[in-house]
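Structure record follows, encoded as structure tokens.
The values are calculated or read from the model by the stated rules, or taken from the named source; none is laboratory data. None of these values were measured; they are calculated from a predicted model. Neighbour counts run over all protein chains shown; Cβ positions are idealised from the backbone, glycine included.
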Amino acid sequence: MNQNFMIDKNLIRKICDYADLKDDEIVLEIGAGAGNLTAELSKRCRNVIAIERDEQLVSFLIKRFKDANVSIIKGDAVRISFPEFNKITANLPYSISRKITEKILTHKFNTAILVYQKEFAEKLTAKPKAANYRAISVIVQASSEVEILDYIDRKVFFPVPDVNSVIVKVVQKFPAEENFINFVKGMFNRRNKILGNSGKRAYELTPDEIYDLWRTSENLLSK
């Protein structure tokens, strides 16, 4: 997986400011890289749990933060289990953005400050009937409040990426259940099908309407 490291101190401080960290909070950081964001996070919270899959970077991080309030986990964030945390930060490669976002949403947390490719972030905030309204739009908007906070200059990363990035804030209302995620994906796999008595197709329904349909179906199945 190619990584683009944050090298701009102003961007790093901005992400931490958006996270509004408290002294007693635990922050999960996905993709710690060289630890530039990790270092700033560690100054503002009780503990940082930093996940990194690259073996050389993990060795570097362990040495860099041997005396700090930072716990390093070596592994693929898509596959490993997450410990408990209050808030989360991540600089996510486009290739795993959807999978990681779905995984994050199934866990209980307060706030996530996430750096995404611009096109993916716009899917997260897309509205019904929009060309980029997808299953992930519904999953995140039904379970959380989501907004694009800022657009990022490519030059604040090394190496400079080919895509534009944005900072996204996700404030969780409740954890998304796996059954709900699978239900939404199934609906969008048949996006032109008229759904029940609604007279609408999946891409015409709001996230709340789809969530209500799922709750109704779950209640019927439990009887």
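Residue by residue, here is whether (1) assigned by TED's automatic domain parsing to the domain that holds C45; (2) at positive phi holds:
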position	(1), (2)
K129	yes, yes
V156	yes, no
V170	yes, no
G186	no, no
So, in the range 4-53, of the ones that are farther than 22 Å from L149 by Cα and among the polar types (S, T, N, Q), which residue ends up surrounded by the most Cβ atoms within 10 Å (Cβ to Cβ)?
S42
Give the residues of the range 172-204 that are under 23 Å from the mean Cα position of the chain (by Cα) and part of a loop (DSSP other than H, G, I, E, B), sorted by residue number.
K173, F174, P175, A176, E177
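Being modelled with pLDDT of 95 or more, farther than 30 Å from N36 by Cα and surrounded by fewer than 19 Cβ atoms within 10 Å (Cβ to Cβ) narrows it down to one residue among K118, K193, K127; which is it? Explain how you work it out, then say what you get.
Working: K118 fails: farther than 30 Å from N36 by Cα; K193 fails: modelled with pLDDT of 95 or more.
It is K127.
Can you go through E209, E218 and tell me which one is over 18 Å from P128 (Cβ atoms), part of a helix (DSSP H, G or I) and not hydrophobic (A, V, I, L, M, F, W, C)? Please lay out each step first, then the result.
Working: E209 fails: over 18 Å from P128 (Cβ atoms).
Only one candidate qualifies: E218.
Would you confirm whether or not the range 134-145 contains a residue that is part of a loop (DSSP other than H, G, I, E, B), assigned by TED's automatic domain parsing to the domain that holds K14 and at pLDDT 95 or above? Lay out the reasoning, then the answer.
Going through the range 134-145, the residues part of a loop (DSSP other than H, G, I, E, B) turn out to be 134.
Keeping just the survivors that are assigned by TED's automatic domain parsing to the domain that holds K14 gives 134.
Filter once more, keeping what is at pLDDT 95 or above: 134.
Yes, because at least one residue in the range 134-145 is part of a loop (DSSP other than H, G, I, E, B), assigned by TED's automatic domain parsing to the domain that holds K14 and at pLDDT 95 or above.
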